[in-house]
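Undergrad: Once you've had a glance at the structure underneath, I'll fire off some questions.
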Amino acid sequence: QVQLVETGGGLVQAGGSLRLSCSASGSISSIYRMGWYRQAPGNPRELVATTSADGTTNYADSVKDRFTISRDNDKSTVDLQMNSLKPEDTTVYYCNFNLQLRGSPYRSDYWGQGTMVTVSS
């Protein structure tokens, strides 16, 4: 029904930058919240940044002033520009869309497959 595809992970030195992108395809009626989360092994998934349909953004304190989330509603994409990366940013990043399928009255959460970000010291 819905597929989220993430791109842009990789290896970067501390202080460098990476840009993650996530695009959604499928029978989508409306997209509400888009976001990025990350999860280290053995830890719960944590919020990195979200953007609501009205453009409101929310960031984890640990990434404020370093990461920027942006969305393109026409293309059903959400990007995460990550600057001044730190070794502690190393983990798997997941995109998340809260959306409504065509013909359905409900909203549901969908997740990307995850992309690895490695920041070397």
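The values are calculated or read from the model by the stated rules, or taken from the named source; none is laboratory data. Since this is a predicted model, take the numbers as computed values, not measurements. Cβ: placed from backbone, ideal geometry, glycine included. Neighbour counts: every protein chain shown. In case anyone asks, the SASA skips ligands and DNA or RNA and just uses the protein heavy atoms, side chains included. Shrake-Rupley method; radii C 1.70, N 1.55, O 1.52, S 1.80 Å.
Undergrad: If you put +1 on each Lys and Arg Cβ and -1 on each Asp and Glu Cβ, how big is the dipole of the chain around its Cα centre, in Debye rounded to 20?
TA: Here the chain has a charge dipole of around 140 debye.
Undergrad: Considering the dipole of the range 12-75 built from charges on the beta carbon (Lys and Arg +1, Asp and Glu -1) around the Cα centre, which of VAL63, GLY26, VAL12 is farthest to its positive end?
TA: VAL12
Undergrad: Hey, in the GNM for the chain with a 10 angstrom Cα cutoff, which one of ASN43, ASN96, ASN83 fluctuates hardest?
TA: In the Gaussian network model the winner is ASN43.
Undergrad: At 1.4 Å probe size, with the rest of the protein present, what percent of the exposed accessible area of the chain is carbon and sulfur atoms? Mind dumping the intermediate values first?
TA: Details: 2830 of 6340 Å².
The C+S portion of the solvent-accessible surface of the chain is 45 percent.
Undergrad: Could you identify which residue out of GLY15, GLY103, GLY55 has the top mean-square fluctuation in a GNM of the chain using Cα springs shorter than 10 Å?
TA: Of the options given, GLY103 has the highest mean-square fluctuation.
Undergrad: Mind telling me which of ARG33, ARG102, ARG71 comes out most flexible in a GNM of the chain, alpha-carbon contacts under 10 Å?
TA: So, out of ARG33, ARG102, ARG71, the one fluctuating most is ARG102.
Undergrad: Using the Cα centre of the range 52-121 as the reference point, and only Cβ charges (+1 on K/R, -1 on D/E), how large is the resulting charge dipole? Debye, rounded to the nearest 20.
TA: With Lys and Arg at +1 and Asp and Glu at -1, about 160 debye.
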